[in-house]
Amino acid sequence: MSHNKNKILTELARSAVKNYIKERKIILPPGNLPKEFLTKKSGVFVTIEKEGKLRGCIGTYLATKENIAEEIISNAIAAAVEDYRFGPVQKEELSELSYTIYILNKPEIVRDIQDLAKFSEEELKQAGLNPKKYGIIVKSGQKSGLLLPGLEGIYTAKQQISIAWQKAGIDQTKEKTTIYRFTAKKYN
């Protein structure tokens, strides 16, 4: 069943992007989706790759839509046309794209932190930070940065926090940061 859900969710993202790029239409969730995706709410990230390289990634860590399916549709379109790191996806690229969906569990506070150097890797692990198992969100005021769990090349909690701070534009020497962790179910 899991393989089937993978295909259903990645096809939903693919269809949302294709319809938006070709016709500027936002699709509605198909009625044949498993009930959980039409009745439950969750934060969702959609990652788009082309030839094994990132092409777009956008998401929400808390639900903003009526259900998971609508969250996937919205974030798939945003990943295709709004990721500031890349230009919008073009029609010619559509057949070359692959999709990964992350359905996030509700984030939980891990701890407040300012100076990363004050913490050992072991202390961070004891606090529940593990980049293979948990994604993190760092927040300071209106600034926030998020890293999904299990990202290639990220092996330590210190590395994960540091990159999240960079993404958020947080000055770790001056700004107190709250760190949240979350798990995510990955579909690809």
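A quick yes/no check of all residues on (1) under 25 Å from P107 (Cβ atoms); (2) acidic (D, E); (3) touching an Asp or Glu at 6+ places or on another chain (Cβ under 8 Å):
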residue: T10; (1), (2), (3): yes, no, no
residue: V17; (1), (2), (3): no, no, no
residue: L38; (1), (2), (3): yes, no, no
residue: S42; (1), (2), (3): yes, no, yes
residue: F45; (1), (2), (3): yes, no, no
residue: Y61; (1), (2), (3): yes, no, no
residue: I73; (1), (2), (3): yes, no, no
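Quick one: what pairs do we get from segment 148-175, first residue at positive phi, second open to solvent by 40 Å² or more (accessible area, probe 1.4 Å), C-beta under 6 Å, 6+ apart or different chains?
The qualifying pairs are G150/K132; G169/K143.
I need a count of the residues in segment 1-16 that are among the β-branched types (V, I, T) and either touching a Leu at 6+ places or on another chain (Cβ under 7 Å) or open to solvent by 100 Å² or more (accessible area, probe 1.4 Å) (or both). First the steps, then the outcome.
Restricting attention to segment 1-16, the residues satisfying the condition of being among the β-branched types (V, I, T) are 8, 10.
Still in the running and either touching a Leu at 6+ places or on another chain (Cβ under 7 Å) or open to solvent by 100 Å² or more (accessible area, probe 1.4 Å) (or both): 8.
Selection size over segment 1-16: 1.
State the number of residues belonging to segment 151-171 that are more than 15 Å from the chain's Cα centre (by Cα), more than 16 Å from E123 (Cβ to Cβ) and not hydroxyl-bearing (S, T, Y).
Within segment 151-171, the subset more than 15 Å from the chain's Cα centre (by Cα) is 153-159, 161-162, 165-166, 169-171.
After this cut, where a residue has to be more than 16 Å from E123 (Cβ to Cβ) as well, the list is 153-155, 165-166, 169-171.
From what's left, not hydroxyl-bearing (S, T, Y): 153-154, 165-166, 169-171.
Result for segment 151-171: 7.
Residue under question is I161, and the condition is that it be at pLDDT 95 or above and closer than 22 Å to L62 by Cα; does it hold?
Numbers: at pLDDT 95 or above: no; closer than 22 Å to L62 by Cα: yes.
Criteria not met by I161.
Would you call E36 closer than 26 Å to Y134 by Cβ, open to solvent by 40 Å² or more (accessible area, probe 1.4 Å) and assigned to a helix (DSSP H, G or I)?
Details: closer than 26 Å to Y134 by Cβ: yes; open to solvent by 40 Å² or more (accessible area, probe 1.4 Å): yes; assigned to a helix (DSSP H, G or I): yes.
Answer is yes for this residue.
In segment 84-140, which residues are part of a loop (DSSP other than H, G, I, E, B), among the aliphatic types (A, V, I, L, M), over 22 Å from L12 (Cβ atoms) and modelled with pLDDT of 90 or more? Please lay out each step first, then the result.
Kept after step one, since they are part of a loop (DSSP other than H, G, I, E, B), are these residues of segment 84-140: 84-90, 105-107, 114-115, 119-120, 127-134.
After this cut, where a residue has to be among the aliphatic types (A, V, I, L, M) as well, the list is 89, 127, 129.
Filter once more, so that each one left must be over 22 Å from L12 (Cβ atoms): 127, 129.
Across segment 84-140, the qualifying residue is only L129.
Which pairs do you get when a residue that is touching a residue at least 12 places away in the same chain (Cβ under 8 Å), found in segment 89-108, comes within reach of a residue that is of a type in the set (D, E), reach meaning Cβ atoms under 6 angstrom, with the pair 6+ apart or on two chains?
Short answer, once both residue conditions are applied: S98/E49.
The values are calculated or read from the model by the stated rules, or taken from the named source; none is laboratory data. Keep in mind it's a predicted model, so treat the numbers as computed, not measured. In this analysis, Cβ positions are derived from the backbone assuming ideal geometry, glycine residues included, and neighbour counts consider all displayed protein chains. The protein model used for the area step is the full one, side chains on, heavy atoms only, and it has no ligands, DNA or RNA in it. Shrake-Rupley method; radii C 1.70, N 1.55, O 1.52, S 1.80 Å.
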